[in-house]
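Here is the structure we will look at, set down as structure tokens.
Rule-based calculations on the coordinates, nothing more; no lab input. Just so we're clear, the structure is a prediction, and the values are computed from it rather than from any experiment. A quick note on method: Cβ atoms are made from the backbone with ideal geometry, for glycine too, and the neighbour counts reach across all protein chains shown.
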Amino acid sequence: MSTTLLAIETSCDETAAAIVVDGKEIKSNIIYSQIELHKLYGGVVPEIASRKHVEKINQVIRAAIEEAQVTWDDIDGIAVTYGPGLVGPLLVGVSAAKTLAFAKGKPIVGVHHIEGHIAANYIENDELKPPFMCMVASGGHSHLVYVKDYGEFEIVGRTRDDAAGEAFDKVARAIGLGYPGGPKIDKLSKEGNPSAIAFPRSYMEDAPYDFSFSGLKSAVLNYLNSCEMKGIEINRADVAASFQQAVIDVLTDNSVRAAKDFGCTKLALAGGVASNSSLRQSLIDRCAKESIEFYYPSPVYCTDNAAMIGVAGYHEFIKGTRHDLNLNAVPNLKIGER
């Protein structure tokens, strides 16, 4: 007997809903993005994001149900992101899920946002099963996660300061590209020389799987300021390419090292930064040399979406995980917590 879930995701600036069957078949995946709105401010404004979620949430849920051509009788439960993320946006999604659960008499499963990103890899890769190592790179997180089993995780590496996506956004702003920084730096880098500027790579001797990008970000800003003071023309494409290469080198090195040290023959990539074409190619090439199978989602499943929440929610649902109507938003929710 199949299991059909309505999934809801509102952790940041995407209002999303999906219908997912058996954690694999995506019947619908509706995403309303607020990027154009937040471009005006150079980043996500939580209060504005919350208000827009309130405005769009019912429309997005209705569209997901209609596109999937299901009724409430077909839906077995509701999966919703309850952390981590921005507390206002999270509350909108959680409140909508609890209201529908109460009104329709459906069970509810709270889902960890990062576990959703990891689960996005299952959608198009039938052969991918735990255990495996996963590099989660997004605007708010840079984690190396050892996936022991469905719903069982161990964080083996994390950022000590800026997340990879956060560093992309800050450097993009510094060189005048605007928000969101990741896609714009990825595009501009194709016109530049990744070896033009010797930006630093940070490796932690005491924690070989951890990341630190604040020194790299500072090096880029110092380079820009130095050029301006000396009247040297700045080649933005070279800056973007050299910065991006420094990030990619560290992400690739640490990910492959962790996979080998943990005896993993499979490495997956997840999160918004996972859609970066150069990062994907770097990991494809390195994993091929190391005889490691490499997996990554399509771009639509890298950025925030509800399909991934439905997949992660399914694996919790069939294990018997349920949350009651006291479920609340937990903006600093740790991975593996229930």
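Just so you know, the Rg over Rh for the stretch 128-198 is 1.11, from Cα atoms, with Rh as the Kirkwood radius. Quick one: Kirkwood hydrodynamic radius for the chain, alpha-carbon pairs, angstrom, one decimal? Value: 20.4 Å, from the Cα pair sum. Counting beta carbons within 10 Å around each of Ser11, Ser275 and listing the fewest first gives the order Ser275, Ser11. Once each of the GluC sites (Glu not before Pro) sitting in a DSSP loop with at most 15 other beta-carbon atoms within 10 Å is removed, the chain keeps 1-126 as its longest stretch. Roughly what angle does helix 236-261 make with the longest principal axis of the chain, taking Cα atoms, 0 to 90 degrees, to the nearest 10? Roughly 60 degrees, rounded to the nearest 10. Proximity of backbone amide H atoms, modeled 1.01 Å from N, is registered between Ile108 and Ile78, His323 at under 5 Å, excluding neighbours fewer than 5 places apart on the same chain.
In the distance distribution for the stretch 216-270, Cα-Cα pairs more than 19 Å apart total 47 percent. Approximating the spin labels as points 7 Å out from Cα along Cα→Cβ, the Glu228-to-Asp161 distance works out to 1.9 nm. Only residues of the stretch 12-35 count here: report those whose backbone N is under 13 Å from the spot 7 Å along Cα→Cβ of Phe102, or say none. Correct set: none at all.
May I ask which of Lys27/Lys148; Lys170/Lys289; Lys104/Lys148; Lys106/Lys319; Lys289/Lys334 have a Cα-Cα span longer than 23 Å here?
Values: Lys27/Lys148 28 Å; Lys170/Lys289 33 Å; Lys104/Lys148 35 Å; Lys106/Lys319 16 Å; Lys289/Lys334 34 Å.
The answer is Lys27/Lys148; Lys170/Lys289; Lys104/Lys148; Lys289/Lys334.
Shown here for the stretch 23-63: trypsin sites (Lys or Arg not before Pro) in loop regions (DSSP other than H, G, I, E, B) with at most 14 other Cβ atoms within 10 Å, namely Lys24. Ordered by the number of other Cβ atoms lying within 10 Å of each residue's own Cβ, fewest first, Leu251, Leu325, Leu177 fall into the sequence Leu325, Leu177, Leu251. The value of relative contact order for the chain, using C-alpha pairs under 8 Å at least six residues apart, is 25 percent. Spin-label model, Glu47/Lys334: points 7 Å from Cα along the beta carbon direction are separated by 3.3 nm. Here the relative contact order of the stretch 129-297, from alpha carbon pairs under 8 Å that lie six or more residues apart, stands at 27 percent.
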